[in-house]
Amino acid sequence: MTKAQLQAENKNYVEQSNELLQEMRGLRANYKGLYDLSELRRKQLVNLDMESEIHHREKLEARDERDEAINLLDELSEESNIFRTQNIALHKKVEALQEQINELTSPLAEGSTLKNAYLSDCHTIFSDSGEIHLISDHLSLVINIIDFARDLPTIKRMVIEELEEQLEDIRNT
């Protein structure tokens with residue numbers, strides 16, 4: 001081979017070498033981009049794992065709170081049943097006492113215009129023609145709705161106060 005051929009071949013190798021270097025630089029840039037992307041994905045997976053763990057803990061805490069609320073509701077239900085039973089017994093005693101009072105005061109009340117009536121254990125409640133009807137085995141009470149609506153805030157307050165007193169009495173026994 002001649003010097004000119006060797007120079008041409010050398011030039012050819014240099015060009016191919018430069019092309020390979022360029023290609024290698026491009027591949028290196030692609031590799032760096034892929035490496036950075038894989039690192040980003042790895043960090044995202046770590047974050048997802050942490051979030052998943054946090055959500056799992058929160059879910060367990062929510063279950064515990066739900067179970068605690070259910071237990072509390074069960075306890076309240078039991079207390080309510082006890083209260084209801086005691087309330088029914090007290091109402092029966094009050095009815096008996098009211099009957100005795102009525103028997104004792106009926107001769108006194110004959111001349112008066114106001115009469116007291118004790119209404120308990122209503123089995124029928126309905127409204128008709130602007131009136132509310134409350135019916136038990138011993139009494140039928142009819143109330144004007146407009147008058148009743150005016151008195152309702154006072155009645156509500158009194159009922160709440162009485163129930164709170166009865167609940168306090170039950171809790172103290």
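Nothing in this text is a laboratory measurement; each read-out follows from the coordinates by a stated rule. What you see is a predicted model, and the numbers here were worked out from it, not measured in a lab. Heads up, the Cβs are rebuilt from the backbone with ideal geometry, glycines too, and the neighbour counts pull from every protein chain shown.
Note on LEU45 and GLN22: their simple-model spin labels are 3.7 nm apart, each label 7 Å out from Cα toward Cβ. With respect to the chain, whose longest principal axis is taken over its alpha-carbon atoms, helix 145-172 is tilted by about 80°. Take every pair of alpha-carbon atoms less than 8 Å apart whose residues are at least six positions apart; their mean separation over the length of the chain yields a relative contact order of 9 percent.
Out of these labelled values of log10 I(q)/I(0) by the Debye sum over Cα atoms at q = 0.12, 0.14 Å⁻¹, (i) -0.70, -0.81; (ii) -0.61, -0.77; (iii) -0.90, -1.06, which was calculated from the coordinates shown here? Only one option fits the structure, namely (iii).
Placing unit charges on the Cβ atoms only, positive for Lys and Arg and negative for Asp and Glu, gives the range 1-115 a dipole magnitude near 1040 debye about its Cα centre. For the Cα atoms of the chain, what angle does the longest principal axis make with the long axis of helix 3-109, in degrees from 0 to 90, nearest 10? For helix 3-109, the angle is close to 10 degrees.
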